[in-house]
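Asks: Got a structure for you, questions after.
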Ligand code: G3P
């Protein structure tokens, strides 16, 4: 399973990348706004740090403008993955970009049928938003399960990129289902390692080791 980090903050990306835990990055217009920087500048900097896919989202809503923006973003680096909204224009743009060898990520997916359309358009990634479904009392995890089954039924190559992840439990659940990628905020990724018994165990072992008076090596 691959881990992407869902941020446009370079410091967060650098920190987790140094730990060897990042396979890619996802951004969106809200994350670019939070960074306070220009999209071109941020995506350029992220691509210079991360060799894996870096999703950069188009702002346009009509096909021609999406293609124009996508061409602009794709020029930044080979690893740019064009993020497109799940609309008919977005699907059409996805089909075209796929045919010329560009990576695509179809975003704002809230139903299994939307994922099926994205797979038919040849999307590299489909991004179902788990947290936003949970926010309105629907079942985001069940959506991942349904999409996994549908993609497997027809041997589609589109990868499931579980997005809008809010908790460590989301990560565990999507891993159990077999999502190809989980994209998450830095704080969720950092929480994955935490357990009080691990911390307590380290303290006990350190204290007992000091009592042995030994040194290794
Ligand atoms: O990048 C898309 C997605 O991960 C957004 O998450 O928390 O804004 O619903 P969120």
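We did not get these values from a lab; they are worked out from the coordinates using the rules stated. Keep in mind that what you see is a predicted model, and the values were worked out from it rather than measured. Cβ: placed from backbone, ideal geometry, glycine included. Neighbour counts: every protein chain shown.
Asks: Measure nothing fancy, just the Cα-based angle from helix 196-212's long axis to the longest principal axis of the chain, in degrees from 0 to 90, nearest 10.
Replies: It is inclined by approximately 30 degrees.
Asks: Please determine, in degrees from 0 to 90 and to the nearest 10, the orientation of helix 63-74 with respect to the longest principal axis defined by the Cα atoms of the chain, where the helix direction is its Cα long axis.
Replies: 40 degrees
Asks: Give me Rg over Rh for the range 63-177, both radii from the alpha carbons and Rh done the Kirkwood way, two decimal places.
Replies: Ratio of gyration radius to Kirkwood radius: 0.99.
Asks: Nearest 10 degrees, 0 to 90: what angle lies between the long axis of helix 140-153 and the longest principal axis of the chain (Cα atoms)?
Replies: 60 degrees
Asks: If packing is taken as the average count of other Cβ atoms within 10 Å, what order do 189-198, 22-31 fall into, highest mean first? List each step's numbers first, then the result.
Replies: On the way: 189-198: 11.9, 22-31: 20.2.
Descending mean neighbour count gives 22-31, 189-198.
Asks: Order the peptides 71-77, 51-57, 15-21 from the highest to the lowest mean number of other Cβ atoms within 10 Å of their residues.
Replies: The densest-packed peptide leads the list: 51-57, 71-77, 15-21.
Asks: Given a Förster distance of 35 Å, report the FRET efficiency between residue 205 and residue 49 from their Cβ-Cβ distance, rounded to the nearest 0.05.
Replies: Calculated value: 0.50.
Asks: Continuing with this model, one more query. Which order do the peptides 173-183, 34-44 come out in when sorted by mean C-beta neighbours inside 10 angstrom, highest first?
Replies: The packing order, highest mean first, is 173-183, 34-44.
Asks: Further question on the same structure: Compute the separation of the alpha-carbon centres of the range 72-134 and the range 177-214 and state it in Å as a whole number.
Replies: Cα centres, the range 72-134 to the range 177-214: 35 Å.
Asks: What area, in nm² and to one decimal, does the C-alpha convex hull of the range 91-158 cast on average over all directions?
Replies: Result: 4.2 nm².
Asks: May I pose another question? Calculated from DSSP H runs of 4 or more alone, at -39500 (n - 2.57) each and per residue, what is the 222 nm mean residue ellipticity of the chain, nearest 500?
Replies: Values: 11 runs with 113 residues, N = 217.
For the chain, the value works out to -15500 deg cm²/dmol.
Asks: Next up: Can you tell me which of 125, 110, 187 moves the most in a GNM of the chain? Springs connect C-alpha atoms under 10 Å apart.
Replies: 187
Asks: Convert 4 °C to kelvin, take the viscosity as 1.567 mPa s, use the Kirkwood radius over C-alpha pairs of the chain as Rh, and evaluate the Stokes-Einstein diffusion coefficient in µm²/s, rounded to a whole number.
Replies: The Stokes-Einstein estimate is 71 µm²/s.
Asks: How much of the pair distance distribution for the range 28-112 lies past 19 Å, counting alpha-carbon pairs only, in percent?
Replies: Everything past 19 Å amounts to 33 percent.
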